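Every number here is computed from the coordinates shown, using simple stated rules; none is lab data. Just so it is clear, the model here is predicted, and its values are computed rather than measured. FYI the Cβ positions are ideal-geometry reconstructions off the backbone, even for glycines, and counts take in every protein chain you see.
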Amino acid sequence: MGWIKDKIEGFKAQRKLAKQIQPKNFKRLAQEIRDLAVLASHLNPQGKDIRKLIRNVMTEMDRLSELADRPEFRKLSTGKKILLRQGLQESREQLLDSIESAPSPTQTIQ
């Protein structure tokens, strides 16, 4: 009976992974990162280097959204998609951290 449970758990893990690496999920994550980059640019408008970096992030997320629609994207190996997803999640976390650490626009407590 234990082997049946193992098979079911393995099947569930496969389905979960398949959902995570679907192109629509990459597009959603890319759009979220792009939106966070826009927000970060509004919170820290002074730094030229930061603005350039944010523009690059926005451009790359637009490119990723376009690539996710192409048949070539589906042909990428599962391992490469997992690595890409992990990289996107790390980028998302870094953007969230930078937004949280941005200085307050006013001295007045809201």
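Go through (1) 1.36; (2) 0.99; (3) 1.15 and flag the label whose value is the computed Rg/Rh (Cα atoms, Kirkwood Rh) for this structure.
The value matching this structure is (3).
Between Ser98, Ser41, Ser77, find the one with the highest GNM mean-square fluctuation for the chain; connect C-alpha pairs within less than 10 Å.
Sorting by GNM fluctuation, first place goes to Ser77.
How about the range 30-82: which trypsin sites (Lys or Arg not before Pro) there lie in a loop by DSSP and see at most 10 other Cβ atoms within 10 Å?
Taking the range 30-82 and a limit of 10 other Cβ atoms within 10 Å, the loop trypsin sites (Lys or Arg not before Pro) found are Lys75.
Given labels modelled 7 Å from the Cα in the Cβ direction, how far is it in nm from Lys52 to Ile82?
So the label points at Lys52 and Ile82 sit 3.7 nm apart.
Evaluate the charge dipole of the range 18-98 about its Cα centre and quote only its size in Debye, nearest 20, assuming +1 on the Cβ of each Lys and Arg and -1 on the Cβ of each Asp and Glu.
Here the size comes out at about 340 debye.
Taking 0.36 nm per residue of separation and subtracting the Cα-Cα distance, what length does fully extending Asn25 through Arg92 add?
Stretched fully, the Asn25-Arg92 segment lengthens by 22.7 nm.
Mean separation of Cα pairs under 8 Å and 6+ residues apart, divided by the residue count of the chain: what relative contact order is that in percent?
36
With θ set to phi - 60°, apply the Karplus curve 6.51 cos²θ - 1.76 cosθ + 1.60 along the range 27-40 and write out the HN-Hα couplings as whole Hz, x wherever there is a Gly or Pro.
5, 5, 5, 5, 5, 5, 5, 4, 4, 5, 5, 4, 4, 4
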